Amino acid sequence: MKKKLLPVLCLLIACLLVFTGCTQSGPGAAAKGFVDGMFNGDIDTAFNYVEPSAAALLKPMFEAVGSETYIQGLMPAAGAEMPTNISTRVVSEEITGDTATVTLEITATVSGVPQSRNIPMSCKKVDGKWYVDLMSLGQ
């Protein structure tokens, strides 16, 4: 019985590693993780996806103004009203060496009207891990 169980357990573990690894890495996952964290008001989680030197500099500013300011900047038609039913989806990833441009589609309801907007985000790889490069946004 133990001989039959071991291959099954090995296969299950291998599948878990493959499937969780695919969803947890890459520039698209970093960009989506950052934006989702901000939308959820979880600045700590969001900044786990920001390039470390930029995170050290910018996180205190985001904590001071709150994630709502960032969200309203992404969905400018929102005005004073916060968007609801927010979802994000990676539309494309363009990787060149240790840098990438990720396009996220952000869909939300604002004043009862569904809206969708594509947002390009710059990412870079540091020590083998992908991060959002907030210092290059707007350049």
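The values are calculated or read from the model by the stated rules, or taken from the named source; none is laboratory data. Predicted, not measured: the structure shown is a model, and the values here were computed from it. Cβ: placed from backbone, ideal geometry, glycine included. Neighbour counts: every protein chain shown.
Within segment 93-129, if we keep just the residues that are of a type in the set (S, T, N, Q) and exposed (fewer than 13 other Cβ atoms within 10 Å of the Cβ), the residue that is farthest from Val50 (Cα to Cα) turns out to be Ser111. Scanning segment 39-58 for residues that are hydrophobic (A, V, I, L, M, F, W, C) and farther than 19 Å from Pro83 by Cβ yields Phe47, Val50, Ala54, Ala55, Ala56, Leu57, Leu58. Of all the criteria given as (1) over 23 Å from Asn118 (Cα atoms); (2) surrounded by 10 or more Cβ atoms within 10 Å (Cβ to Cβ); (3) at pLDDT 55 or above, the one not satisfied by Asp44 is (2).
For segment 28-41, a residue qualifies if it is modelled with pLDDT of 95 or more and either more than 10 Å from the chain's Cα centre (by Cα) or aliphatic (A, V, I, L, M) (or both), and the qualifying residues are Ala29, Ala30, Ala31.
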